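One structure is given below, encoded as structure tokens.
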Amino acid sequence: MEKDSYKVLGINENALNYISLLGTEGKFERKSRKVEDKDIYVEEVYKDKKDNTKVKYEEKIKILKQNYDRSIGAKKLLCKMTNSGTKVKVEKQIEEEIKEYEEEKNKLIREYKKSIKEIDNAYEKIKTEGLRKIYSVEKPKNSEIKKERILLKDTAYDFFNLSETKIYTLSDNEADKKIKEVFNKKIEQYEELLEDNIDNKEKQKIQYLKIKAKRNYESISTSKKRKLYKEILNKKEQEKEREMQEKIIKKKYSKADQYDPNLIKTISNGRAKGKKLVIIKKLDNPTTIKLKGDRNLKLKKSAVLAFRNATGVYDSYLYEYKVLRNVNGKEQIDRIYTDISIQKLSIDQKKGEPIDKEYYNCITNDLLSEETIRGSKYNGGYIGLVEKEQNKEYKITLKDKKLNAIEQENLAAVMILQERREKKIKSKNKEKGAR
């Protein structure tokens, strides 16, 4: 729920209307503030709040930088005084600490920007007497009523400060009556404000709020309308949930920030030395393997990406796979790029189990999970590799924050390939449109 504008700025709403002045007899007297004085006071508090917030976060970032400089300085000194083996470990620690510092600094910057935006929004709502009067009508009076659909910005129930849950506990007639009462009171308050001494801009805002009140009332005025409105809200919530899930997946799996097209030799950078040339070739006899599970998962090895270094030697390979499976009762096919050991996925005929059970489970439950496949789309289909850790457990590299040098080349090759595909599709569509 949106924060109270007065509380955000640290203003006592009741005290704003009065000021204590020293009288002729040496006693403080309470006098009403003039309208222009209220506006000046709110503006001064607003400016002070912004300045203090800026100073607060500048100090936090300064302390963070000082601690970072001390720690890095000590580690760099240690590098100079130690042997090569320890030096490599310390350098890795320095690299990780630099990342942590940048992440923490960026977090503080985001917090600062969020605070400033909150302060600006609060001020815009109460900076003039007219706006304060409108805000007094719009501000929720019952603090016990909490926002029930937190993913949706503003519902008809939020507008009237009503609990959707409680409305559905009432009979149809009781609910109709309650909503009608709240609506009528709202309209009455708007009419009173329009008769008040406020400027045209503020009157336009009230007229807009009246229209909004009528529109919201029409959405929930009867039982039939409430049921229909509930369906609309449920759909909107589902859409928001999907959007949020997609944002989480993108943040977790996207490596677009590590994409460097200059790692791969192309026409545009063909003269550059040291670049790898990538050749893609479709397989004449694509291998298909069926994996266990509810999704009826099939993996078809369809093409190979061969990486040739500057000396003309092919030193690494990546494969294109088509993943076929059932998603919500429908067959879905996605193209991914990785390197999977088909042999390790083979089933031991005597035991009836995979030859390498841990590897099999990592592929089916992790690498080829719906979440990881969706995440790979942000990398042109590159889904990362499977590695065995020191504890002998398998992991997928796409979950690592930083890809290693080989994987960065893999990513670059796949992203370039995807860009070429997209250009080809656009070109074909243009040709179709021209006919």
Please work out which residue is surrounded by the fewest Cβ atoms within 10 Å (Cβ to Cβ), limiting yourself to segment 216-226 and to residues that are over 31 Å from the mean Cα position of the chain (by Cα) and part of a helix (DSSP H, G or I). Lys224
List the residue pairs whose Cβ atoms are under 6 Å apart, where the first residue sits in segment 258-271 and is of a type in the set (D, E, K, R), the second is at pLDDT 85 or above, and the two are 6 or more positions apart or on different chains. Asp260/Ala412
Tell me which residues, restricted to segment 359-376, are surrounded by fewer than 19 Cβ atoms within 10 Å (Cβ to Cβ) and either of a type in the set (Lys, Arg) or closer than 11 Å to Thr338 by Cα (or both). Arg374
Matching residues in segment 373-414 - criterion: being at pLDDT below 95 and polar (S, T, N, Q): Gln390, Asn391, Thr397, Asn404, Gln408, Asn410
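With out of contact with any helix residue (DSSP H, G or I) (no Cβ under 8 Å at 6 or more places or on another chain), free of Cβ contacts under 8 Å to residues at least 40 places away in the same chain, exposed (fewer than 12 other Cβ atoms within 10 Å of the Cβ) and assigned to a loop (DSSP other than H, G, I, E, B) as the only criterion, which of Asn197, Asn173 stands out? Don't jump to the end; show me each part of the working.
On the way: Asn173 fails: assigned to a loop (DSSP other than H, G, I, E, B).
Of Asn197, Asn173, the one residue that is out of contact with any helix residue (DSSP H, G or I) (no Cβ under 8 Å at 6 or more places or on another chain), free of Cβ contacts under 8 Å to residues at least 40 places away in the same chain, exposed (fewer than 12 other Cβ atoms within 10 Å of the Cβ) and assigned to a loop (DSSP other than H, G, I, E, B) is Asn197.
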Restricted to segment 293-307, and to residues that are surrounded by 13 or more Cβ atoms within 10 Å (Cβ to Cβ) and farther than 18 Å from Leu411 by Cβ, which residue is modelled with the lowest pLDDT? Arg295
Between Glu58, Glu91, which is farther than 30 Å from Gly10 by Cβ and in a helix (DSSP H, G or I)? Glu91
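When you scan segment 295-311, do you find a residue that is over 14 Å from Ile340 (Cα atoms) and under 31 Å from the mean Cα position of the chain (by Cα), even just one?
Kept after step one, since they are over 14 Å from Ile340 (Cα atoms), are these residues of segment 295-311: 295-297, 306-311.
When the remaining residues are screened for being under 31 Å from the mean Cα position of the chain (by Cα), the result is 295, 297.
Within segment 295-311, one or more residues are over 14 Å from Ile340 (Cα atoms) and under 31 Å from the mean Cα position of the chain (by Cα).
Which members of segment 399-435 meet the condition of being assigned to a helix (DSSP H, G or I), of a type outside the set (Asp, Glu), within 22 Å of Lys276 (Cα to Cα) and in contact (Cβ under 8 Å) with a residue 24 or more places away in the chain?
Our first condition is that a residue be assigned to a helix (DSSP H, G or I); within segment 399-435, this holds for 399, 405-434.
Filter once more, keeping what is of a type outside the set (Asp, Glu): 399, 405-406, 408, 410-418, 420-421, 423-430, 432-434.
Going one step further and asking which of them are within 22 Å of Lys276 (Cα to Cα), we end up with 405-406, 408, 410-418, 420-421.
Of everything in segment 399-435, those that are assigned to a helix (DSSP H, G or I), of a type outside the set (Asp, Glu), within 22 Å of Lys276 (Cα to Cα) and in contact (Cβ under 8 Å) with a residue 24 or more places away in the chain turn out to be Ile406, Gln408, Asn410, Leu411, Ala412, Ala413, Val414, Met415, Ile416, Leu417, Gln418.
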Please indicate, with yes or no, whether at least one residue in segment 83-96 is assigned by TED's automatic domain parsing to the domain that holds Ala122, without any contact (Cβ under 8 Å) to a residue 60 or more places away in the chain, surrounded by 11 or more Cβ atoms within 10 Å (Cβ to Cβ) and among the polar types (S, T, N, Q). yes
So Gly380 passes all but one of these: (1) on the phi < 0 side of the Ramachandran plot; (2) surrounded by 11 or more Cβ atoms within 10 Å (Cβ to Cβ). Which condition number does it fail? (1)
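In segment 346-360, which residues are aromatic (Phe, Trp, Tyr) and either touching a Pro at 6+ places or on another chain (Cβ under 9 Å) or part of a loop (DSSP other than H, G, I, E, B) (or both)? Step through it out loud before you land on a result.
The initial filter retains those residues of segment 346-360 that are aromatic (Phe, Trp, Tyr), namely 359-360.
Tyr360 - this is the single residue of segment 346-360 that is aromatic (Phe, Trp, Tyr) and either touching a Pro at 6+ places or on another chain (Cβ under 9 Å) or part of a loop (DSSP other than H, G, I, E, B) (or both).
Could you list, in sequence order, all residues of segment 200-234 that are of a type in the set (Val, Ile, Thr) and in contact (Cβ under 8 Å) with a residue 40 or more places away in the chain?
Applying the first criterion (of a type in the set (Val, Ile, Thr)) to segment 200-234 yields 206, 211, 220, 222, 232.
Ile206, Ile220, Thr222, listed by residue number.
The values are calculated or read from the model by the stated rules, or taken from the named source; none is laboratory data. Keep in mind the model is a prediction, meaning the values are calculated, not measured. Note: ideal-geometry Cβ built from the backbone for every residue, glycine included; neighbour counts use all protein chains shown.
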